[in-house]
1. Kindly provide the set of residues from region B:191-207 that are farther than 30 Å from B:A110 by Cβ and open to solvent by less than 30 Å² (accessible area, probe 1.4 Å), ordered by number.
2. So in region A:373-390, with the set limited to residues that are without any contact (Cβ under 8 Å) to a residue 40 or more places away in the chain and crowded, with 17+ Cβ neighbours inside 10 Å, which one is nearest to A:D402 (Cα to Cα)?
3. Which members of region A:391-404 meet the condition of being open to solvent by 30 Å² or more (accessible area, probe 1.4 Å) and either outside any helix (DSSP H, G or I) or closer than 17 Å to A:N417 by Cα (or both)?
4. I'm checking my understanding of the structure. Among residues of region B:45-59 that are among the aromatic types (F, W, Y) and touching a residue at least 24 places away in the same chain (Cβ under 8 Å), which one is nearest to the other protein chains (Cβ to nearest Cβ)?
5. Which condition number in (1) free of Cβ contacts under 8 Å to residues at least 40 places away in the same chain; (2) within 12 Å of another protein chain (Cβ to nearest Cβ); (3) farther than 22 Å from A:W165 by Cα; (4) open to solvent by less than 30 Å² (accessible area, probe 1.4 Å) is the one that A:E42 fails?
6. Which of the residues belonging to region A:191-230 are at pLDDT 95 or above and among the small types (G, A, S)?
7. Quick test for you: out of B:G368, B:G291, pick the one residue that is buried (at least 24 other Cβ atoms within 10 Å of the Cβ) and on the phi > 0 side of the Ramachandran plot.
8. Please work out which one of (1) closer than 12 Å to A:W505 by Cα; (2) among the polar types (S, T, N, Q); (3) within 27 Å of the chain's Cα centre (by Cα) is the condition A:T440 fails and give its number.
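The values are calculated or read from the model by the stated rules, or taken from the named source; none is laboratory data. On a predicted model such as this, the values are computed, not experimentally measured, just so you know. Counting neighbours? That spans all protein chains shown, and the Cβs are built from the backbone with ideal geometry, glycine included. Please note that ligands, DNA and RNA were not included when accessible areas were found on the heavy atoms of the full protein model with its side chains. Shrake-Rupley method; radii C 1.70, N 1.55, O 1.52, S 1.80 Å.
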Number of protein chains: 2
Amino acid sequence: MSTKKGGGGAGGGGKKKKEVKKETKLGMAYKKDDNFGEWYSEVVVNSEMIEYYDISGCYILRPWAMEIWELLKEFFDAEIKKLKLKPYYFPLFVTENVLQKEKDHIEGFAPEVAWVTKSGKSDLEAPIAIRPTSETVMYPYFSKWIRSHRDLPLKCNQWCNVVRWEFSNPTPFIRSREFLWQEGHTVFATKEEADEEVLQILELYRRIYEEFLAVPVSKGRKSEMEKFAGGLYTTSVEAFIPNTGRGIQGATSHCLGQNFAKMFDITFENEKGERSMVWQNSWAYTTRSIGVMIMTHGDDKGLVLPPKVAPIQVIVIPVPFKDADTTAIKGACESAVYSLNQAGIRADLDARENYSPGWKYSQWEMKGVPLRIEIGPKDLANKQVRIVRRDNGTKVDIPSADLVEQVRMLLDGIQANLLETAKQKRDACIAPINTWDEFTAALNEKKLILAPWCDEEEVEKDVKARTKGDLGAAKTLCTPFDQPDLPSGTVCFASGKPATTWSFWGRSY
Amino acid sequence: MSTKKGGGGAGGGGKKKKEVKKETKLGMAYKKDDNFGEWYSEVVVNSEMIEYYDISGCYILRPWAMEIWELLKEFFDAEIKKLKLKPYYFPLFVTENVLQKEKDHIEGFAPEVAWVTKSGKSDLEAPIAIRPTSETVMYPYFSKWIRSHRDLPLKCNQWCNVVRWEFSNPTPFIRSREFLWQEGHTVFATKEEADEEVLQILELYRRIYEEFLAVPVSKGRKSEMEKFAGGLYTTSVEAFIPNTGRGIQGATSHCLGQNFAKMFDITFENEKGERSMVWQNSWAYTTRSIGVMIMTHGDDKGLVLPPKVAPIQVIVIPVPFKDADTTAIKGACESAVYSLNQAGIRADLDARENYSPGWKYSQWEMKGVPLRIEIGPKDLANKQVRIVRRDNGTKVDIPSADLVEQVRMLLDGIQANLLETAKQKRDACIAPINTWDEFTAALNEKKLILAPWCDEEEVEKDVKARTKGDLGAAKTLCTPFDQPDLPSGTVCFASGKPATTWSFWGRSY
């Protein structure tokens, strides 16, 4: 089948190699610092998060990934329901003329749109597009539903799949032709309400990354070039992958202004009885978030999962010895799992008899489980368990009586440590620069560049043109809300004009 | 746009008519017993469950439908997780050669498959199908993942959208080109395990219909003609719509036997070290379930929602009088909502000032909310509230002090009453028959026919041929597990051969 390709992925793993590795399931062939692309492809497959699919750019999400997605969804969905978001489901398909109604918007997506042209053996009367995002799917109906100020705000969210048939370097989670996301679409009477919600949602995205995935992100505003096609302004949370020196957009919260409202005629009668045009937002985060988390924390033994999103937080492994009382050991393991589960901790027992304890240690390290508990005859005799941390490998023996309390503290500690460590690594990459020479030097060193900028679109175009090459051009990542001082007289690193902001620049995913 | 069509739906509502009705939002133009098709199209739109979309056969699911779907999902997902089902997400797309691997299976779906042939302006190298169901998407990977008996059982479930580009009479929820469902796919070492699970899942489907949607269903087995294409046998829960005299398949739980295992080479090494072939099941229920519920309980005032799935179970409406203390009335309403919410009851306040109480009564009746609470000055003075039931219109005044307890009892009563009433109506349609003449008479009377049958495929084909006409041919709905006595010597109503079962026959959706 011509659409079948090899591993693809961040550098391409090669399917055959992976199959062999999966058989043995022990250890990783690639090191994160030596060959990041291969390492990533290997870790997503060996941890059983991803299976490569026979259509390039499409991936199978296995339970080890989907359970994380469900945990994130549970958090986010509850939060947006507090904000009175309502669940909707709009069709997967959109007609050509509706899709093309907003010109800037469709320009941003057109090359990636997948078209259905046949059903069974018959040609459709006209091709139908698969949604790359749902602005044009939804807004004709918003126009119909909204008549009066009493119909506002309208707050719509859907969890669904979308398709963007990209041709550049597909990578599991990070860049795939189909992915899962939520998309929020909201409509307000005033810009103030829209502006406020943009930031409320952005803060939820920050929490997904920092509190759940333990990935440090910068909140900021996108440049005119990088904003959402057809929108007014875009805010985002931006992460950074030190190994590749690339920024990565974590999630976006757009204020669409009144542009779509004009195109789709979304107006309302205000309290004075006059027709007014609405203000709109749209915002989304995707399964990409899982990929960013893997890239941030994973190591040469495999995944490292933050406890808050780990499907299994504690794996309990019996360590029988030849003369030891295996029944008592198994009993102690079961009792530990039971106590932890009762306390709301996701613990599981690995009682498989056909694998050695050592093999199991490696497998659960590969899968990134935050804590491993080992119970052998000596532990049994001492009424203790051995606990091993995945993040830093430290081992402690703790009294069985203190199990729940100690595990809880350790999980909290790991969660905090992962974020702190990632933050230190990210911060070490931040390079504040002032001149073009400093900029190109920092770019070569794969830094997250913080540069004084005149904030002009033409200048960003120019920087892109001047830096293009095999690794991709540099561009703005965001203008962070958290701004360093900008002494008066500071000039733009690229144009020499007066600088108006500090912005993050670099290559990106 | 050529794909844009009018209302479509169960008899076609005509879009313009609906738009006008939506404006007024008061009352229904059609009666359930007079024009069921128009009534259904009207009720799904006016209750704000559905918006017709500009691609025929695709519908927008609005919050009033999606919140029901979420409640059903919450129940079912928790139940299957107890059975150790794991969440997966497989791609929307499947290649032509994989889709066609199991011949009987693809024959059943081929005319309805939607094909993607282009991305942007480029033709794909080969067309790619959108999943109509995921057997062929998943099973090549099951073959890869399953090596040993220790990898079994494999239990996979996904919540997703599927596409079947049908051309016959699209109807919201009931028959749409895209719909939402869960699909479970499980793999076992033995037929016994597969057989057991088929019935465990079927029982969960019965509970969705009877306990949640208050729709009576019959559990049974499908005939050879009606079973899932490529499977071994199919069980289902079957509902019946008295108004149209049509059976409707509620959900199916299939044992696939070893047929797909052969085609996709899914084998394992058993405990004796021999290669064995696996046994497989697949099972699904869809958003159709919501449509069956609407058809069963709705009346000439609109929807009637069973309390267990009603997004709002109790709507509280202030009834101010000119001289009355409106602040105190509003306070009493808020207090009622608060107490009910605290008790875990989904109650809401309709405090809109631009609508009269009477208009609100009609609207919430249209939306099918099980209980309405009215609080006016007299109620306030008497420390009581008036409660009105949606299912039978009865009104009671109850002391405010007993509010939570009484509401709980009433909701339970409505839930039970809806099922019981629907059961009586359904049972009144069951026509046990013995001869061909009785069969055709009962078919004309739109009965749910229970007939002694020889269970031969050729005979069902013959019955279909002999009954075809404008309303569609008669066919088997299921052979119910709950079998009446079959005295020896009973003969098949259609072939005169010895009967082996009682089966339900009729026209169906």
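1. We begin by selecting, within region B:191-207, every residue farther than 30 Å from B:A110 by Cβ; these are B:192-193, B:196, B:199-200, B:203-204, B:206-207.
B:L204 - this is the single residue of region B:191-207 that is farther than 30 Å from B:A110 by Cβ and open to solvent by less than 30 Å² (accessible area, probe 1.4 Å).
2. Within region A:373-390, the subset without any contact (Cβ under 8 Å) to a residue 40 or more places away in the chain is A:378, A:381-384, A:386-389.
Restricting the remaining residues to those that are crowded, with 17+ Cβ neighbours inside 10 Å gives A:384, A:386-389.
Values: A:Q384: 9, A:R386: 12, A:I387: 12, A:V388: 15, A:R389: 17 Å.
Among those residues, the one meeting the criterion is A:Q384.
3. Let us first name the residues in region A:391-404 that are open to solvent by 30 Å² or more (accessible area, probe 1.4 Å), namely A:391-397, A:399-402, A:404.
Within region A:391-404, A:D391, A:N392, A:G393, A:T394, A:K395, A:V396, A:D397, A:P399 qualify.
4. Of region B:45-59, the ones among the aromatic types (F, W, Y) are B:52-53, B:59.
Keeping just the survivors that are touching a residue at least 24 places away in the same chain (Cβ under 8 Å) gives B:52, B:59.
Working: B:Y52: 10, B:Y59: 7 Å.
This residue is B:Y59.
5. With (1) free of Cβ contacts under 8 Å to residues at least 40 places away in the same chain; (2) within 12 Å of another protein chain (Cβ to nearest Cβ); (3) farther than 22 Å from A:W165 by Cα; (4) open to solvent by less than 30 Å² (accessible area, probe 1.4 Å) applied to A:E42, the lone miss is (2).
6. Selection gives A:A194, A:A214, A:S218, A:G220, A:S223.
7. Numbers: B:G291 fails: on the phi > 0 side of the Ramachandran plot.
After ruling out the rest, the residue left standing is B:G368.
8. (3)
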